[in-house]
1. Got a number for residues in segment 92-110 being surrounded by 22 or more Cβ atoms within 10 Å (Cβ to Cβ) and modelled with pLDDT of 90 or more?
2. What is the residue count in segment 35-67 for residues that are assigned to a strand (DSSP E or B) and surrounded by fewer than 16 Cβ atoms within 10 Å (Cβ to Cβ)?
3. Determine whether segment 51-65 contains at least one residue that is over 22 Å from residue 109 (Cα atoms) and modelled with pLDDT of 95 or more.
4. Inspect all residues belonging to segment 75-91 and state whether any of them is modelled with pLDDT of 90 or more, exposed (fewer than 13 other Cβ atoms within 10 Å of the Cβ) and assigned to a loop (DSSP other than H, G, I, E, B).
């Protein structure tokens with residue numbers, strides 16, 4: 001059983017009009033994948049591990065508009081299945097919990113992403 005408090009939505013990359021990027025300290029990851037998102041967090045695929053507790057900023061950019069949310073890495077594990085060659089070669093799955101759960105930016109980020117998402121069953 002899933003212990004999440006909020007509904008997750010899986011992102012369909014081929015349908016997404018914007019781009020996600022991740023800032024972790026002085027490092028920016030422009031080529032990463034967001035697997036799912038809720039109002040309280042997100043699941044990511046990244047080419048390298050990030051330590052649990054690392055503060056991050058996750059940004060969705062579409063044209064001249066963007067929205068960012070802050071959070072922390074809560075888990076990180078090496079991906080055990082091969083990635084499709086047409087996709088980014090990410091080898092780590094990460095869980096992010098958004099900071100300031102009541103922040104309107106979290107809800108706005110979720111709804112901006114949700115317009116191209118399918119409910120995860």
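The values are calculated or read from the model by the stated rules, or taken from the named source; none is laboratory data. The structure presented is a predicted model; accordingly, all values stated were derived computationally and were not measured. Here the Cβ is made from the backbone with ideal geometry for all residues, glycine too, and neighbour counts use every protein chain on show.
1. Summing the residues that are surrounded by 22 or more Cβ atoms within 10 Å (Cβ to Cβ) and modelled with pLDDT of 90 or more in segment 92-110 gives 3.
2. 6
3. yes
4. No, the conditions are met nowhere in segment 75-91.
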